[in-house]
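Have a look at the structure below, then the notes.
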């Protein structure tokens with residue numbers, strides 16, 4: 001069995017976080033394990049890293065260029081004949097059917 005870790009947390013904070021963790025389908029144990037793993041990876045406390053501000057984000061020119069190049073490199077041309085006598089609904093149904101069959 002794994003060892004226990006104890007910490008002092010204000011009651012109101014604990015209750016608020018536990019409530020949100022339950023909504024997210026998680027637990028305090030998962031939170032603590034994630035915090036430990038985060039620290040091992042970054043050697044920093046989560047509070048030492050600035051959280052992203054809410055709102056719209058803009059790509060830098062370099063990031064946008066990199067994204068566009070990635071899309072070009074990973075996109076293959078599709079012949080027009082592929083779409084003859086079929087609709088997007090047909091294509092989606094075929095793809096879903098195939099993915100469901102792969103599950104079994």
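Bear in mind that the values in this text are calculations on the coordinates, not laboratory data. No experiment lies behind these values; they were computed from the predicted model shown. No Cβ is skipped: glycine too gets one built from the backbone with ideal geometry, and neighbour counts run over all protein chains shown.
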Folded to 0 to 90 degrees: helix 61-74 orientation relative to the chain principal axis, Cα | 50 degrees
Helix 11-23 vs. the chain, principal-axis angle (Cα, 0 to 90°, nearest 10) | 20 degrees
Give the whole-number value, in cubic angstrom per residue, of the convex hull volume spanned by the C-alpha atoms of the chain.
-> 280 Å³
Which ordering of 68, 1 is given by a fewest-first count of other beta-carbon atoms within 10 Å?
-> 1, 68
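By per-residue mean of other Cβ atoms within 10 Å, what is the highest-first order of 70-83, 33-46?
Numbers: 70-83: 7.6, 33-46: 10.9.
Peptide ranking by packing, descending: 33-46, 70-83.
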Under a plain spin-label model, where a point goes 7 Å from the Cα along Cα-to-Cβ, how far apart in nm are residue 39 and residue 69?
-> 3.9 nm
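Quote the convex hull volume per residue of segment 61-103, based on C-alpha atoms, as a whole number of Å³.
Values: hull volume 5.3 nm³, N = 43.
Spread over its residues, the Cα hull of segment 61-103 gives 123 Å³ apiece.
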Taking the simple approach of a point 7 Å from Cα along Cα-to-Cβ for both residue 61 and residue 97, what is their distance in nm?
-> 4.9 nm
